[in-house]
Structures are given as structure tokens and as C-alpha cells.
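The structure under discussion appears below in the form of C-alpha cells.
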Amino acid sequence: MAVSIKLLTVSLAVLVCCSTPGMPASAADALPGDAEQTASASYDSDTLSPIDPFAAQIVRQSAEFLAGLPTVSFSWFVTNDEITDAGETVTIVESGKTTMDRRAGFVEQTEQESGRRNYYYNGKAFTVVFPDEMLYASQPYSSDYDSLVAALRERTGAVLPAWIILSENLPQKIFEDLNSAAYLGTVILKGSEVHHIALSNTGADLQLWISVDESDPVPAMLIGTLTDQPGAPRFRVSFSSWIFNQELETNQFSFAPGADFERIAM
């Protein structure tokens with residue numbers, strides 16, 4: 001599965017739009033107050049130089065670290081801009097928690113503006129649960145995580161929340177079709193020092209804030225801009241509560257419906 005900057009940006013940008021039915025609603029941006037202003041002031045994709053080796057090294061180190069984790073758990077918060085036909089910007093929000101054991105499966109609990117939606121995969125079946133409506137859909141599937149992501153997109157158009165962060169192919173493909181990359185220095189974000197890096201591709205720009213701790217180089221925040229779409233819509237992802245290499249109970253990757261739940265088609 002190719003993972004270029006454009007695909008990464010689009011995949012994260014459609015996270016909310018593809019998984020949240022109903023009308024979008026305005027919401028306050030939950031990112032630190034000055035982070036986006038600083039980013040806009042210090043970064044212009046038109047002025048980026050070609051790929052900076054130091055920036056590439058930091059991004060690759062983070063991608064390899066994430067892809068090599070046997071187990072991981074983290075929380076995330078997404079805001080996604082939609083440009084209306086009238087040119088107005090409407091922001092949609094989604095938050096959740098992801099837990100994965102690469103050998104056993106994963107579970108994601110999400111909160112969207114339309115309600116809660118949870119995802120389970122135990123290596124044998126993929127299940128989507130709508131706990132507020134007491135509904136669920138399940139289908140047999142047995143393969144690796146990246147194959148599941150590709151199959152879901154092809155068959156249903158669904159995009160799993162934050163899937164790109166867990167892809168084992170990320171280190172090999174992150175620089176595909178990359179036009180430029182720049183190292184913008186370090187800043188304090190959510191109380192921790194992080195690298196600020198900007199990447200640019202035809203049709204998409206991406207900024208990353210990655211921990212300076214080489215033993216723990218996790219992303220703290222992403223801001224992506226779809227430069228080839230009207231209004232250049234922007235998305236923002238904030239990560240927190242990272243936990244690595246913990247002992248996980250594999251039964252949490254399976255959904256056992258109660259008597260009140262109704263099964264629907266996938």
C-alpha cells in the first residue's frame with residue numbers, strides 16, 4: 001500500500017467526513033491557542049527548500065518507531081475543516097482512543113458529533129458498533145492490519161480513524177512523491193519539547209510536531225492542508241496518552257453483543 005504525503009493527508013482529512021453522518025456543526029478548535037498561528041507564520045510551502053536530511057531523519061525515525069511497536073495505545077482529537085458552497089469554513093470534530101496488539105487485533109472507541117462508534121478486530125472478524133443505537137455489523141476477515149484497511153476502503157469506502165499511524169508500511173512509503181521538507185526548529189507543545197517539520201507534496205502540505213526524545217519519538221500533532229481543493233481545507237490531529245509494550249487482554253478486541261443489540265448489514 002503506497003503511503004505518500006498526499007495519501008496521508010487525504011486519509012486523515014476524510015477521517016471525520018467519511019465516518020460522521022448528518023449535518024456538520026461548528027466547534028472550537030481544541031489545539032493549543034498559539035500553535036496554528038505560529039505554524040502559519042513560520043511555514044509557507046512555496047518557500048520550502050528541497051528535502052532537508054535532518055527533517056527526513058526525524059520523520060523516518062518516528063515512522064520506524066511506530067511501525068515497530070508490538071503493542072500501542074493512544075488517544076487522539078481531530079478537527080476537520082469543510083468549505084461550504086458559499087465559501088464558509090465549517091469545522092467538524094472527532095475524538096477517540098486506539099489500542100492495538102499487532103498479533104491479536106485492535107479496538108478503537110470514537111466519539112463523533114453524531115454519537116459514538118467503535119471498531120473491533122480480533123484477527124477473525126471486523127465489527128463496527130453503534131452503542132447509542134444498540135446496533136452492530138460484523139464480517140469475517142483474517143489478514144494483517146494494512147490489508148484490512150485497504151479492503152474496507154475498497155468495499156465500503158470507510159476509513160478507519162488514525163489508521164495511517166499504525167501502518168507497518170509507513171517507514172517505507174512516507175517520502176513517496178515528496179517535493180520538499182524543512183526543519184523549522186523546536187517548540188514547546190503541551191508542556192513538552194518537539195521538533196517542528198514541514199513536508200510538501202503536489203496537492204498537499206503537512207506539518208508534524210514530533211517528540212525530541214529519541215527513545216520515544218511519537219507525533220504530538222499534525223496539521224495538513226489540501227492545497228489542490230477549493231478553499232484549501234485544513235485538518236488537525238492532536239495525540240496524547242501514548243502507552244507502549246503493555247500487556248493487553250486480547251478479549252478487548254472482540255465484541256460480544258448483549259441481548260438488546262441488533263445486527264445489521266456491514
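Some values worked out for this structure:
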quantity	calculated
Residue that is most open to solvent (accessible area, probe 1.4 Å), among those in the stretch 63-80 that are assigned to a strand (DSSP E or B) and over 17 Å from ARG103 (Cα atoms)	PHE77
Residue under evaluation ASN201, criteria (1) open to solvent by 60 Å² or more (accessible area, probe 1.4 Å); (2) modelled with pLDDT under 90, criterion not met	(1)
Residue selected from the stretch 53-90 under the condition modelled with pLDDT under 90 and β-branched (Val, Ile, Thr), by the criterion farthest from the chain's Cα centre (by Cα)	THR84
Residues (open to solvent by less than 10 Å² (accessible area, probe 1.4 Å) and either part of a loop (DSSP other than H, G, I, E, B) or more than 21 Å from SER238 (Cα to Cα) (or both)) located in the stretch 161-172	PRO161, ALA162, SER167
Unmet criterion (only one of (1) modelled with pLDDT of 85 or more; (2) in a helix (DSSP H, G or I); (3) open to solvent by 70 Å² or more (accessible area, probe 1.4 Å)) for ASP46	(1)
Near pairs, Cβ below 7 angstrom, 6+ apart or cross-chain, from the stretch 51-78 (touching a residue at least 60 places away in the same chain (Cβ under 8 Å) and closer than 30 Å to VAL90 by Cα) to any residue that is buried (at least 17 other Cβ atoms within 10 Å of the Cβ) and of a type in the set (Phe, Trp, Tyr)	PHE74/PHE239; TRP76/PHE239; VAL78/PHE235
Among (1) closer than 30 Å to VAL90 by Cα; (2) touching a strand residue (DSSP E or B) at 6+ places or on another chain (Cβ under 6 Å); (3) open to solvent by 20 Å² or more (accessible area, probe 1.4 Å) - the single one THR156 does not satisfy	(2)
From the options GLN246, GLN252, residue that is assigned to a helix (DSSP H, G or I) and surrounded by fewer than 21 Cβ atoms within 10 Å (Cβ to Cβ)	GLN252
Matching residues in the stretch 173-195 - criterion: being free of Cβ contacts under 8 Å to residues at least 40 places away in the same chain and open to solvent by less than 10 Å² (accessible area, probe 1.4 Å)	VAL194
Residue within the stretch 92-106 that is under 30 Å from ALA232 (Cβ atoms), open to solvent by 10 Å² or more (accessible area, probe 1.4 Å) and in contact with a Gly (Cβ under 8 Å, 6 or more places away or on another chain) present	no
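Yes or no, residue by residue, for (1) hydrophobic (A, V, I, L, M, F, W, C); (2) modelled with pLDDT of 90 or more; (3) more than 25 Å from GLY224 (Cβ to Cβ):
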| site | (1), (2), (3) |
| --- | --- |
| THR127 | no, yes, yes |
| ASP132 | no, yes, yes |
| ALA137 | yes, yes, yes |
| ALA151 | yes, no, no |
| ARG155 | no, no, yes |
| PRO161 | no, no, no |
| LEU166 | yes, no, no |
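Let's see how each residue does on (1) within 18 Å of THR71 (Cα to Cα); (2) of a type outside the set (Val, Ile, Thr); (3) within 14 Å of the chain's Cα centre (by Cα):
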residue	(1), (2), (3)
GLN172	no, yes, no
HIS195	no, yes, no
LEU206	no, yes, yes
PRO217	yes, yes, no
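The values are calculated or read from the model by the stated rules, or taken from the named source; none is laboratory data. What you are looking at is a predicted structure, and each value in this text was computed from that prediction instead of being measured. Methodologically, a virtual Cβ is constructed for each residue, glycine included, from the backbone with ideal geometry; neighbour enumeration extends over all protein chains shown. For the accessible areas, the whole protein counts, side chains as well, though only heavy atoms, and no ligand, DNA or RNA atoms are used. Shrake-Rupley method; radii C 1.70, N 1.55, O 1.52, S 1.80 Å.
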